[in-house]
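Taking it in order: structure first as structure tokens, then the write-up.
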Amino acid sequence: MTDTRARPPPTTAPAAPAAPAGAIAATQPGRVAGLDGIRGLAALFVVLNHIFERAWPGYPAANHAPFWAAWMIYGRFAVIIFIALSGFSLGLGPARSGWRFKSIATYAHRRAWRILPPYWAALAFSLLVTWYVLAQPGWAVPNGKSVVVYGLLVQDAFSAGTPNKAFWSIAIEVQLYVLLPLLLLLVRRASARVMVGLVAAIVVTIGLLGPHVPLMNSALVKFTPDLAVLFAVGLLAAGIVTAGDRARSRPWAGYALAAAVPVIALMGVKGAMWSNLNLFWLDLAWAPAVGCLLAAIATSRPRPVVRFLDSLLPRSLGSCSYSLYLTHSPIVIAVSYGLVLGRVAAGTPTFFVLAAILLPVTVCFAHLFAAVFELPFQRHRGWSALRQAMSARLRGASRASGPRNQAGARCRPAHPQPVADRARPASRPGPLVPPDLRDSATRSGSC
């Protein structure tokens, strides 16, 4: 991984090296090509995981899924991708600015503005579906305490009936946002590698002592501290955008593959039961591979993979990935228990029927949800800008719905006829329009 220590900015900015022909502009300030595609595919994988759980409930203890579908049980992998991506994305700006925020207050406002409106809207949607449509059998029905606990994003600290199974990770992510300024301070005072090493040492200590110390065991169960290592690794990987040519030219994709193969082999040998009982250690084992993958994508390698991730479909999924993650679970439950389960043969037939219904429904709903509750808050960074944009759109809509003529076309506004046209000299005769009709057209427009 790359490691960039804080250095004083140069008095004269060095000339940027010319990009090689055909390179993807992934390191310029702004969007990194491929990240949206990763987000979209990860969110879709979560949906598939929840469909898998409805088709083969209790797997692997109670049911045996076919080999081609068994990999879908590892929905936790998508969560660690999301967490590492958060650390990476939030680290890009500080990495270009000496590992500093321009303003912590601005950072806090932008994070709240980005995360909370879609989350609270999804919470309301989930509560309505659970209360008035269908709640999953076996879940505690959410109540007033659930509204407070989930509304304040403290569901990992306090027990309450859950309106949405996917919400558990949102609280963890918000806590990591609060931790980010401290992580950046560690990077400035020491280095990014030291920061990751310190976080990993603390988390591993909790994991080793957890089974023997009740307080640490409670922390393991409630707060999922292993995800902090993924977040820190993502932050470390963000340093690749300011690293030198030597670091950027390393085969990061090869490193990612080399780090992932032992983890995949271990999961294959031990099986799904062991893997689900050892998620803490598996998350830590995935961290090097995920960090190297992010570094590879940020340097546009391998280019065919980055081009695919930056193509239309993955990017489209990525644009609504947060909304898809927030809203899919109540829809999956309502369709599964209300329409399919008990009416279709269990196992593979149920999976294919659910997938055929739920994949398009959840994605389309996420696009609509994002258009209302997510994208406007990305485009406009405050209430004032959002109100102005909404007012401008309403004014545009009112103008678009103005008077129309008998043929259904919009009426064009009347334009005063120039005096020279109304009083042409005899040598230049005007069009053959009677004066009374011409005056009428001038007064009333084209309707």
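Mind checking which residues of the range 373-397 are assigned to a helix (DSSP H, G or I), at pLDDT below 80 and open to solvent by 70 Å² or more (accessible area, probe 1.4 Å)? If the condition is that a residue be assigned to a helix (DSSP H, G or I), at pLDDT below 80 and open to solvent by 70 Å² or more (accessible area, probe 1.4 Å), then Trp383, Arg387, Gln388, Met390, Arg393, Leu394, Arg395 are the ones that fit. Restricting Val199, Val187, Val148 to residues that are modelled with pLDDT of 95 or more and within 30 Å of Val129 (Cα to Cα) narrows the list to Val148. The set of residues in the range 186-202 being among the aliphatic types (A, V, I, L, M) and touching a helix residue (DSSP H, G or I) at 6+ places or on another chain (Cβ under 9 Å) consists of Leu186, Val187, Ala190, Ala192, Val194, Met195, Val196, Leu198, Val199, Ala200, Ile202.
Of all residues in the range 281-303, those satisfying the criterion of being within 14 Å of Leu35 (Cα to Cα) and either out of contact with any Leu (no Cβ under 8 Å at 6 or more places or on another chain) or not aliphatic (A, V, I, L, M) (or both) are Gly291, Cys292, Leu293, Ala295, Ala296, Ala298, Thr299, Ser300, Arg301, Pro302, Arg303.
Going through Leu116, Leu128, Leu153 one at a time, which residue ends up being farther than 25 Å from Val187 by Cβ, modelled with pLDDT of 95 or more and either in contact with an Asp or Glu (Cβ under 7 Å, 6 or more places away or on another chain) or open to solvent by 80 Å² or more (accessible area, probe 1.4 Å) (or both)? Steps first, answer last, please.
Values: Leu116 fails: either in contact with an Asp or Glu (Cβ under 7 Å, 6 or more places away or on another chain) or open to solvent by 80 Å² or more (accessible area, probe 1.4 Å) (or both); Leu153 fails: either in contact with an Asp or Glu (Cβ under 7 Å, 6 or more places away or on another chain) or open to solvent by 80 Å² or more (accessible area, probe 1.4 Å) (or both).
One residue alone meets the criteria, Leu128.
Counting only residues that are under 17 Å from the mean Cα position of the chain (by Cα) and under 22 Å from Ala135 (Cα atoms), how many does the range 305-338 have?
Residues that pass the stated criteria total 7.
Among Ser319, Ser336, which is the only one that is open to solvent by 10 Å² or more (accessible area, probe 1.4 Å) and of a type outside the set (A, V, I, L, M)?
On the way: Ser336 fails: open to solvent by 10 Å² or more (accessible area, probe 1.4 Å).
Of Ser319, Ser336, the one residue that is open to solvent by 10 Å² or more (accessible area, probe 1.4 Å) and of a type outside the set (A, V, I, L, M) is Ser319.
Counting only helices (runs of 4 or more DSSP H) that fall entirely inside the range 233-349 and contain at least 2 residues that are closer than 27 Å to Leu183 by Cα, the qualifying elements are 245-248, 252-277, 279-298, 321-335.
Among the residues of the range 217-228, those identified as within 13 Å of Leu284 (Cα to Cα) and open to solvent by 10 Å² or more (accessible area, probe 1.4 Å) are Thr224, Pro225, Ala228. Could you list, in sequence order, all residues of the range 35-78 that are buried (at least 22 other Cβ atoms within 10 Å of the Cβ) and outside any helix (DSSP H, G or I)? Passing the criteria: only Trp56. Any chance the range 339-355 includes a residue that's in contact (Cβ under 8 Å) with a residue 12 or more places away in the chain, over 22 Å from the mean Cα position of the chain (by Cα) and under 27 Å from Val32 (Cβ atoms)? No.
Restricting the search to the range 187-203, which residues are touching a Leu at 6+ places or on another chain (Cβ under 9 Å), outside any loop (DSSP other than H, G, I, E, B) and open to solvent by less than 50 Å² (accessible area, probe 1.4 Å)? Within the range 187-203, Val187, Ala192, Met195, Val196, Val199, Ala200, Val203 meet the criteria. With the structure loaded, tell me whether Leu227 is under 22 Å from Val79 (Cβ atoms) and within 23 Å of the chain's Cα centre (by Cα) or whether it fails that test. Spelling it out, Leu227 is indeed under 22 Å from Val79 (Cβ atoms) and within 23 Å of the chain's Cα centre (by Cα). Can you tell me which of (1) in a loop (DSSP other than H, G, I, E, B); (2) open to solvent by 50 Å² or more (accessible area, probe 1.4 Å) is the one His109 doesn't meet? With (1) in a loop (DSSP other than H, G, I, E, B); (2) open to solvent by 50 Å² or more (accessible area, probe 1.4 Å) applied to His109, the lone miss is (1).
The values are calculated or read from the model by the stated rules, or taken from the named source; none is laboratory data. All of these numbers come straight from a predicted model, not from anything done at the bench. Reconstructed Cβ throughout: ideal geometry from the backbone, glycine too, with neighbour counts over all protein chains shown. SASA here: full protein model, heavy atoms, side chains in, ligands and nucleic acids out. Shrake-Rupley method; radii C 1.70, N 1.55, O 1.52, S 1.80 Å.
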